Number of protein chains: 4
Amino acid sequence: MSRIPCVLALCALSALASAAQPRARDLGVPFEGSPGPLNAITDIAGITVGQVTLIEDLANGNKVRTGVTAILPRGPASKATPVFGAWFPLNGNGEMTGTAWLDESGQLEGPVTITNTHSVGVVRDAVIAERVRAGGADASGYWWSLPVVAETWDGHLNDINGFHVRPEHVARALAEAKSGPVEEGNVGGGTGMVCHEFKCGIGTASRLVKVGDHDYTVGALVQANYGVRDSLRIAGVPIGQHLRNDRIYTDPALTAGETGSIIIVIATDAPLLPHQLKRIAKRAGMGLARMGSYAGNGSGDIFIAFSTANADAQKRDAVLQASFIGIEHIDGLFAATVQATEEAIVNAMVAARDMRGQDGHYAKAISHAELVKLLKRYRRFNPLR
Amino acid sequence: MSRIPCVLALCALSALASAAQPRARDLGVPFEGSPGPLNAITDIAGITVGQVTLIEDLANGNKVRTGVTAILPRGPASKATPVFGAWFPLNGNGEMTGTAWLDESGQLEGPVTITNTHSVGVVRDAVIAERVRAGGADASGYWWSLPVVAETWDGHLNDINGFHVRPEHVARALAEAKSGPVEEGNVGGGTGMVCHEFKCGIGTASRLVKVGDHDYTVGALVQANYGVRDSLRIAGVPIGQHLRNDRIYTDPALTAGETGSIIIVIATDAPLLPHQLKRIAKRAGMGLARMGSYAGNGSGDIFIAFSTANADAQKRDAVLQASFIGIEHIDGLFAATVQATEEAIVNAMVAARDMRGQDGHYAKAISHAELVKLLKRYRRFNPLR
Amino acid sequence: MSRIPCVLALCALSALASAAQPRARDLGVPFEGSPGPLNAITDIAGITVGQVTLIEDLANGNKVRTGVTAILPRGPASKATPVFGAWFPLNGNGEMTGTAWLDESGQLEGPVTITNTHSVGVVRDAVIAERVRAGGADASGYWWSLPVVAETWDGHLNDINGFHVRPEHVARALAEAKSGPVEEGNVGGGTGMVCHEFKCGIGTASRLVKVGDHDYTVGALVQANYGVRDSLRIAGVPIGQHLRNDRIYTDPALTAGETGSIIIVIATDAPLLPHQLKRIAKRAGMGLARMGSYAGNGSGDIFIAFSTANADAQKRDAVLQASFIGIEHIDGLFAATVQATEEAIVNAMVAARDMRGQDGHYAKAISHAELVKLLKRYRRFNPLR
Amino acid sequence: MSRIPCVLALCALSALASAAQPRARDLGVPFEGSPGPLNAITDIAGITVGQVTLIEDLANGNKVRTGVTAILPRGPASKATPVFGAWFPLNGNGEMTGTAWLDESGQLEGPVTITNTHSVGVVRDAVIAERVRAGGADASGYWWSLPVVAETWDGHLNDINGFHVRPEHVARALAEAKSGPVEEGNVGGGTGMVCHEFKCGIGTASRLVKVGDHDYTVGALVQANYGVRDSLRIAGVPIGQHLRNDRIYTDPALTAGETGSIIIVIATDAPLLPHQLKRIAKRAGMGLARMGSYAGNGSGDIFIAFSTANADAQKRDAVLQASFIGIEHIDGLFAATVQATEEAIVNAMVAARDMRGQDGHYAKAISHAELVKLLKRYRRFNPLR
């Protein structure tokens, strides 16, 4: 059995290639708000992202099309210093481990990792093993870990029941996580994902927000795998109704409804308390709704939000101090969350490439030319960015 | 102090007039899905709606622009027979009483009433008083009532701190509730409401859904009072960005963000259990999101859903039976909820009329001609309905 | 119709009398932890409590046995400066208004008021009217109020459907709220309440907690109206099983289960964030459970917690600062919450006096002598306190 | 590296031995309510329990003291036919996977498995692998699984960071699950657990409940690992305050608060809808509270409840039928939940045996003689059972 995962050098090349590829706004898709320099979750200082992509045709005929994406809120310091965080399940047909503690403590300890549905367990224990290997007690001071691991289902293209994600892939995603541009499309946990019946995967975007005199950034990273074709709207244009052909699913059970999921990670450097981050997490669903989603029964639409501010508030003292945005000043962050989510999803679709996988299944990416044509037809083409 | 509320005869006339007025789809706004005969929440058999509209210029200069809207899930039988129900607060800057019991019991007992923010109390106690007057114990068998009363804030146009809603108005809304067309716009609880900085109020819509061999209806009724101008999208068209003038708010505190709210009532005759109705209630927010809302801090975006099926499941026996939609067959109801919510909001905007109120404040309704012009410009005009 | 409510002078006398009455620990009931000087919620600096007691035999034969209890987190400053707060419904067969906003904002604005089930509305609107009368905008900066009003059902002894609580009673409870000892038993909102089928009402207690080098206080105030006789445990002694006679309910529907409710208000001067206060609120239910409650279907067991710290965190700036207890240092506050709740309930029972009310119904208070006898029998008598 | 896990024959012997051991009520601990024939969760027809116990002293000095406990709601039919279910986290310092879908769907698909904190992942993926191996699609009809796996932390006695639970242990626990008596104490997931600083582990109990003319059973199974010594109450007797010696923890960080957790599984054959099962799950915490717990910050107190009734309601039809208990008839099930939980915890303590483990740590079981002596002293000894 030979295996050719995306090895380090190739991944780097791939990232380079991707950088040369147009993103949604390069194509002329209009969006609201002002993006950060990278238009990525990594516009927030300290956040690193590591992705391991597993693409391999096995000798036994099975196709590996999966991977792991890890978001480290404070980069290497994530192990020692939690962030304030919260989550919201719009439709809970999915898994995000660690949420009971996230709800209770208001803290996200360690990374957020995203993979396929049937590999959540191996990723979870591997995150703990890496923490053990790094030595010392957890940030919590207790000797246990409750990592946050989420998933979407790539079983259409990937041999999901082959359980191909291994602890070493997790270790590598964590070790190689970096700041800078984030590769989008068929990479990491998003490798085999599909949305609105187009090939999809990882996408990201960001927004700059001024609150009083302060400049903040909101970033979104999605692993997008949700949605039926007909309902797809991009920038308000009913794209799905025009592009009804080339659907990937021939199985009527699948075409009958949403069978995917979307994990949305929202990050910000604005200081927000846990109960405020829950409000942010809820708004991710409003960005998703703009795409035409109705959060179908089969879709695990689960969102997590965290703030990288308040590092000192995570210490182990008896009394701590935290900064936070005044309640009447939060709307800009809400709007930015909706906007960044919307763009991150379109970015995932635009960056994805056609893929053939398990059992001969095939998923075609959305045609950039068709998309541009429809935007123009509906006077939503925005060439000037 | 003279007072000229909408008396019965005038209300009837007004309803007649309204019936002659175009609704959103009459203007050419395109929507997804198939509406019921009335395109109203009353397409669901048994539901009655009563509205009392209070419009009066007081001798002391104050302006009364408020009212009460009552939705009776089973019409007059609502007192004796609850419905399964659930609620979801997308942004809880508002009040909906009775929700602790709704969550706990899964039952909605009696009507849903909607009024202005500062009149929730009088409406609540008046609903109880009407129940007491009708005699006998509550449907619950206990001798107490926990009515569901919700609100949005009409203090821009209405003398809200004059507390002009009185128990007799509630009694009348309950007594006069009827099936058939529902008056929209500046009526009932929606009299003084504003959305996206246009005059707004009550709106309704419905969708027909086939589940297996069964035909069901989903209806929405909204009291819409939310949203900033810029974010308004109708049918995906960025209407708000084109119609930036004629804003009602000159107070920068108000233009800084959302200061309104929206109550969305979703009803269906499809048999759904309480935990399924919570899923339905959540989808109302996705219809709202299609309008461009980001659920601003100042907005009380609170939704309630109920099913008129399963009347026999509300008896007082030790063991009861309930029907419900199989989990894999629910997507049509989700989509219908999103669609009906979206159309009900646009209906509220389209039906509303310019209003002058408290302190000389003025709210202009959206211009039908402008709306049609913009729909055409973006090729979203749908003249064929 | 003559009416003799507890007028000011009499209330003062009554308070005096009550002060001379033994409280639970005076009788020898053993409790864990160290109480504050007053063993009352008012041990927390700034908190004031106002109670209006309505006891009257009407000419038409109806009996008024009800009232209002108001807790002002910051005394007169409560109008201008919210507190961080949270709530938890253990069993939601009850009403607590204002909780959607409490959940969303993490702030409690204004007082917590408690009354009977059918008077929640009048109390709610009256709290708003008082705010309007005091002039100026709300602390929120918006021009609306969403007061927190809770209830338990006193319809066994009180003519609850006579709606005897009036706005002026609310105004008086707010105006006369004071620090110092809190009257317990048949007073305020607790006037007609019953628990474990004994006469009950208002009770309070407090605990001193050291966190690091800091000294904090946790206080509880309950309006107790829950529970069946058999399940009553005091200090672990199965009191209810021994005192099976003298039950108040002859109606089998009532003896079949819990028909009451309990509102528990937890206050502290320890700095806690909203998500931490939700944890505190949950622990109130564990104090209740120690009494033998199983939170029966008919019981509205609803809890609210707030912290008087962080007054500066309630300002309207863009960025604010808050203190909070480190997550690993919170257990003392949890334990104190359980302990103070437990003692406040027993205090309510011990302070209550026999009462005859509506329809000849009668509720006997627990016999102090019997209680002491049983404590001694089970070696739980603690005379040294 | 040699490894001597509890092999099948030994396990059976161990079970036999255990059957001969006294349970809590055999010792004279008084409890409320009437237990089923086995006083175990398996009194509910169809439920099977499988436990794999891993006890081994490794050559490298590490001590394996852990395992897996699996509860199959419908025995071997659990794969094909879900049950209605719900969960409640009293204090979320722990993990229970699969809860987002449990909340959303109201269905528990497959088994509930419980293990140590750092082995949740391997157990989760192994449950999926077993399902895949059994062939065919999931009960959900989709091709993914979201298993429920919970944990408590056994790192005091067990080499938890050695990750000794393996997929084959999970397979065996599932394969060998059986009805009949359930082994308690140092077995399965409970092998290395500690509660109130006494050796603890798995415990179970049941209650018979009559609702109308129907006879139902409520069963509890706990993996108990929570609590400090001082707070321990058994049958209301302050046991912990008398047995202050022989504490296991010498590390002040641990003695400072709760560092364990408790997973409580409640099962019933009474027909309950998902929202009703959430109410049941909440009551488990009230049984825990009777033991003196205040749900410390470090404790993951997470509860799940399911009903084995309504097998036909889990089919894939468009419209289904379910039975359920009328809302006013549910109190007996609430009380039974509290009672069974309380007894299951005491059973876990009574069945546990002294254990020496990792790093020389030692945990002593509670002395039966001391317990009996204290019960007698406080007149709570109940010899007639």
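The values are calculated or read from the model by the stated rules, or taken from the named source; none is laboratory data. Quantities reported herein were computed from a predicted structural model and do not represent experimental measurements. Every residue, glycine as well, gets a Cβ built from its backbone with ideal geometry; the counts of neighbours run over all protein chains shown.
Every condition in (1) closer than 24 Å to A:Phe31 by Cα; (2) away from chain C (no Cβ under 14 Å); (3) touching a Ser or Thr at 6+ places or on another chain (Cβ under 7 Å) is met by A:Tyr216 except one, and the failing one is (2). Look at A:Gly61 and say whether it is crowded, with 21+ Cβ neighbours inside 10 Å, without any contact (Cβ under 8 Å) to a residue 12 or more places away in the chain and farther than 30 Å from B:Ala284 by Cα. Taking the combined requirement at face value, the residue does not satisfy it.
The requirement of being within 26 Å of the chain's Cα centre (by Cα), at pLDDT 95 or above and over 25 Å from B:Val148 (Cα atoms) is satisfied by B:Ile366.
Within the stretch C:74-104, if we keep just the residues that are out of contact with any Gly (no Cβ under 7 Å at 6 or more places or on another chain) and of a type in the set (S, T, N, Q), the residue that is modelled with the lowest pLDDT turns out to be C:Thr81.
Restricting D:Trp144, D:Trp101 to residues that are free of Cβ contacts under 8 Å to residues at least 24 places away in the same chain, facing chain A (nearest Cβ under 9 Å) and crowded, with 24+ Cβ neighbours inside 10 Å narrows the list to D:Trp144.
Of the residues making up the stretch A:360-373, those that are surrounded by fewer than 21 Cβ atoms within 10 Å (Cβ to Cβ) and out of contact with any Lys or Arg (no Cβ under 8 Å at 6 or more places or on another chain) are A:Gly360, A:His361, A:Ser367, A:His368, A:Ala369, A:Glu370, A:Val372, A:Lys373.
Return yes when C:Ala305 is under 29 Å from B:Asn297 (Cα atoms), of a type in the set (Gly, Ala, Ser), touching a residue at least 60 places away in the same chain (Cβ under 8 Å) and surrounded by fewer than 24 Cβ atoms within 10 Å (Cβ to Cβ) and no when it is not.
no
Taking the stated definitions as given, is D:Leu38 within 17 Å of the chain's Cα centre (by Cα) and within 14 Å of chain A (Cβ to nearest Cβ)? Taking the combined requirement at face value, the residue does not satisfy it. The condition of being surrounded by fewer than 24 Cβ atoms within 10 Å (Cβ to Cβ) and among the acidic types (Asp, Glu) does not hold for C:Glu184.
Restricting attention to the stretch A:280-335 and to residues that are of a type in the set (S, T, N, Q), closer than 23 Å to A:Pro111 by Cβ and in contact with an Asp or Glu (Cβ under 8 Å, 6 or more places away or on another chain), the residue that is farthest from the other protein chains (Cβ to nearest Cβ) turns out to be A:Thr308. Pairing residues of the stretch C:227-244 that are at positive phi with residues that are of a type in the set (Ser, Thr, Tyr) and surrounded by 23 or more Cβ atoms within 10 Å (Cβ to Cβ), at Cβ distances under 7 Å and at least 6 apart in sequence or on separate chains, gives C:Gly227/C:Ser293. The helices (runs of 4 or more DSSP H) located wholly in the stretch D:207-320 that include 1 or more residues which are within 19 Å of A:Ala100 (Cα to Cα) and modelled with pLDDT of 95 or more occupy D:274-290.
Any chance the stretch D:339-354 includes a residue that's surrounded by fewer than 24 Cβ atoms within 10 Å (Cβ to Cβ), in contact (Cβ under 8 Å) with a residue 12 or more places away in the chain and assigned to a loop (DSSP other than H, G, I, E, B)? Checking the stretch D:339-354: at least one residue is surrounded by fewer than 24 Cβ atoms within 10 Å (Cβ to Cβ), in contact (Cβ under 8 Å) with a residue 12 or more places away in the chain and assigned to a loop (DSSP other than H, G, I, E, B). Is the stretch C:55-73 home to any residue that is modelled with pLDDT of 95 or more, hydrophobic (A, V, I, L, M, F, W, C), in contact with a Cys (Cβ under 8 Å, 6 or more places away or on another chain) and within 30 Å of C:Ala134 (Cβ to Cβ)? So far as the stretch C:55-73 goes, yes, one or more of its residues are modelled with pLDDT of 95 or more, hydrophobic (A, V, I, L, M, F, W, C), in contact with a Cys (Cβ under 8 Å, 6 or more places away or on another chain) and within 30 Å of C:Ala134 (Cβ to Cβ). Taken together, B:Arg131, B:Arg25 contain a single residue that is part of a helix (DSSP H, G or I) and either within 13 Å of chain C (Cβ to nearest Cβ) or touching a Pro at 6+ places or on another chain (Cβ under 7 Å) (or both), which is B:Arg131.
One line per residue, one yes/no per condition, for (1) touching a Phe, Trp or Tyr at 6+ places or on another chain (Cβ under 9 Å); (2) more than 24 Å from B:Gly203 (Cβ to Cβ):
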site	(1), (2)
B:Ala322	yes, yes
B:Ile325	yes, yes
B:Glu342	yes, no
B:Arg353	no, no
B:Ile366	yes, no
B:Leu371	no, no
B:Arg379	yes, yes
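Against the condition basic (Lys, Arg) and farther than 29 Å from B:Phe324 by Cα, how does B:Arg124 come out, does it pass? For B:Arg124, the condition - basic (Lys, Arg) and farther than 29 Å from B:Phe324 by Cα - is met. B:Ser323 meets the conditions (1) under 21 Å from B:Gly219 (Cβ atoms); (2) crowded, with 24+ Cβ neighbours inside 10 Å in every case but one. The failed one is (2).
The residue list D:Gly106, D:Gly110, D:Gly75 contains one member that is more than 8 Å from chain A (Cβ to nearest Cβ), surrounded by fewer than 23 Cβ atoms within 10 Å (Cβ to Cβ) and at positive phi, which is D:Gly75. In the stretch C:193-226, the qualifying residues are those that are of a type in the set (D, E, K, R) and in contact (Cβ under 8 Å) with a residue 40 or more places away in the chain, and the one that is surrounded by the fewest Cβ atoms within 10 Å (Cβ to Cβ) is C:Lys210.
Applying the selection to the stretch A:99-120, what residues are in a helix (DSSP H, G or I) and of a type outside the set (A, V, I, L, M, F, W, C)? Within the stretch A:99-120, A:Thr99, A:Asp103, A:Glu104, A:Ser105, A:Thr117, A:His118, A:Ser119 meet the criteria. From the list A:Val165, A:Val123, the one residue that fits, being buried (at least 24 other Cβ atoms within 10 Å of the Cβ), in a helix (DSSP H, G or I), within 10 Å of chain D (Cβ to nearest Cβ) and of a type in the set (A, V, I, L, M, F, W, C), is A:Val123. Taken over the stretch B:82-98, the residue count meeting the criterion of being touching a Pro at 6+ places or on another chain (Cβ under 9 Å) and either more than 12 Å from chain C (Cβ to nearest Cβ) or in a strand (DSSP E or B) (or both) is 6.
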